[in-house]
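The values are calculated or read from the model by the stated rules, or taken from the named source; none is laboratory data. Quantities reported herein were computed from a predicted structural model and do not represent experimental measurements. When we count neighbours, we look across all protein chains shown, and the Cβ atoms used for this are built from the backbone with ideal geometry, even at glycine.
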Amino acid sequence: MKLSELLRLSLNALRVNKMRSILTMLGVIIGVFAVILLVSLGSGLQRYITDQISGLGSNLIFVIPGKVGGARTPGGQQTNKLLINDAKNLENKLRAIADVGPVIQKSAVVKYKNKSDKGVSILGTTGNYPDIIKSTDLEKGSFFTQAQGRSGARVAVIGQTVFTNLFQNRSPIGEKISVGGGRYTVIGVVKARGSTFGIDQDNTILIPIASAQRQFGVNNVNTIYLSAKKPELVQLVKQQANSVLLKRLTEDDFTLQTQEQTLSTITNIVSVLTVALGGIAAISLVVGGIGVMNIMLVSVTERTKEIGLRKALGARRKDILSQFLLEAIMLCLAGGIIGIMLGLGASYIMSIFFISEVTPWSVFLAFGFSVAVGVIFGITPAIRASRLSPIEALRYE
Amino acid sequence: MQKLNESVIVLTDITKAYGTEDVVTQVLHGVSLTINKGEFVAITGPSGSGKSTLLHIIGLLDVATSGTYLLHDKDVTKLTEDQQARVRNKEIGFVFQSFNLLQRANLMENVTLPAVYAGTPPKVRDTKAVELLTTVGLEDHLYKRPNQLSGGQQQRVAIARALMNDPVIILADEPTGNLDSKSGKDVMEVLKFLNKQGKTVVIITHDHHIAKEAERIITIKDGRIV
């Protein structure tokens, strides 16, 4: 039989059985759609987190107090033994190869005139902070200088959330605000940074480290950022910083972590998440596949009589098989293409509101699986029916 | 009818048994039968006598357990499955009791189906289908579906389909069984007309009035010709 005849025959069969054709396609569509969307969400999440972290600056090394995964006091909290002096030591020794930016982090109430903002994150740091944390760009005014940082000037640089909450649209530069009781003059506003892992990066106020030290009466720092002057110096900075800190502290008192290490730690967590999403996607694929399988088995079985009739009228086994194979292929291709379009569309919409990134392998996997299932289960009952004698197939109810 | 004694169908000692080794149902016990070209033969007998099975074997829809079957002097029991399909397609037109039309296809599609499998070009087979449907009086319903027609009309569609590839033999299995007597008569008229045109017609019926219309009546009982 000619291919054009077969095509005509198969298309005709699909056309006259619209409902069945649509149901079969629906199984394929749902399977393909779900896999593409879920995998896109997973990989979008991974990309988002990677971007967030590399946005901090790739030459960055963190020094945080305590040993990550180390011993803890009975209270559950590790005692913070990291002092401002450690930062000063680091600065003295590493001046040639790295910028050092210690940060004291506290939470305080901020007031301006009759307005107040609670739970603002107060970061006491040095004047080189914008050079170290790359995402700190000023929208208005200026950052405090190194000298102001050291001397403890009563100046503050505010984040977007604080700016909106306290000043609405008025210019904040030169205005006096109260930070945890102390009075500061606003000298700058940081551009919006968004949130990282659900923490608002804009609900912050940056003040000179010496001022924070006095204001909150602390000598401990929460983080010391080390920014290597060149990417290839990262490992050297890490080693040297380690030996500097070990002169006064023990190994259990601090953790040195490069950006790369942080990234790989978080990537590990995210890949678990991606695997979980992939699992859900695989389930939808299997469910879609079972749907296709059921419809195919039922629809071909209910057509056993038709197969018998076609054989009685002179169809060869080959003709029957080609027709059913072609029908299954056309259904699954059409369903697969619709599923891909819907999946890509939904991924695109998700990428506007949330995060999503289409991965080609998920498209191929979903498409290939659905088509394979459709064709296998479309052709198996047809093979069985085409082997019956015409009269047996005709008698089939 | 000029060559009355040219035999078309020669069955010799045909048996048919169904079932597995344990339970065997013997349906035909050695049937021998010769049908000549241009004959109109009615096979009758009570239900369960094996007359339908015999017709299915003649139509190559079923396979005999033993015996030989010469169709146009060729032993068709030795043919491969594909060769048998070709014989069913080209040389035999089958009419069923329950019409067996594709309900979701229109009359044209139903009637042209045998030509599709014969590889006839679309234009040729469409012309032929219109011609045949006109012959059976359904020229006004070409694109209707079978379920929009009466039983008698559907059976006439089935006859048109049987004639599509110009077979020499028409086999009809209780063609009037599902019809009222008026429609049954119409269908018989069509079959008689075809016989006059030179087709060999073999019908199965348990209705004596119908059987009387044939030139020859063969009666089967318990799998044997009596």
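Scanning region A:102-151 for residues that are farther than 27 Å from A:GLU91 by Cβ and among the acidic types (Asp, Glu), we see that the one that is farthest from the chain's Cα centre (by Cα) is A:ASP117.
Looking at the structure I just gave you, is A:ALA393 within 14 Å of chain B (Cβ to nearest Cβ), among the hydrophobic types (A, V, I, L, M, F, W, C) and assigned to a helix (DSSP H, G or I)? So A:ALA393 passes the test. The listed residues are A:LYS2, A:LYS67, and the only one of them that is of a type in the set (D, E, K, R), out of contact with any Asp or Glu (no Cβ under 9 Å at 6 or more places or on another chain) and at pLDDT below 80 turns out to be A:LYS2. Of the residues examined, A:GLY279 is one that is under 30 Å from A:THR50 (Cα atoms) and of a type in the set (Gly, Ala, Ser). Among the candidates B:ALA64, B:ALA85, B:ALA42, the residue that is outside any helix (DSSP H, G or I) and within 14 Å of another protein chain (Cβ to nearest Cβ) is uniquely B:ALA64.
Do you know which of the residues in region B:126-148 that are farther than 10 Å from B:LEU107 by Cα and of a type in the set (A, V, I, L, M) is surrounded by the fewest Cβ atoms within 10 Å (Cβ to Cβ)? It comes out as B:VAL136. Where strands (runs of 3 or more DSSP E) fall entirely within region A:88-142, those with at least 3 residues that are touching an Asp or Glu at 6+ places or on another chain (Cβ under 8 Å) and not aromatic (Phe, Trp, Tyr) are at A:98-112. Looking across A:ALA328, A:ALA312, A:ALA366, one residue alone is within 14 Å of another protein chain (Cβ to nearest Cβ), hydrophobic (A, V, I, L, M, F, W, C) and surrounded by 23 or more Cβ atoms within 10 Å (Cβ to Cβ). It is A:ALA312.
Selection of strands (runs of 3 or more DSSP E) fully inside region B:134-226 by the criterion of at least 2 residues being free of Cβ contacts under 8 Å to residues at least 60 places away in the same chain returns nothing.
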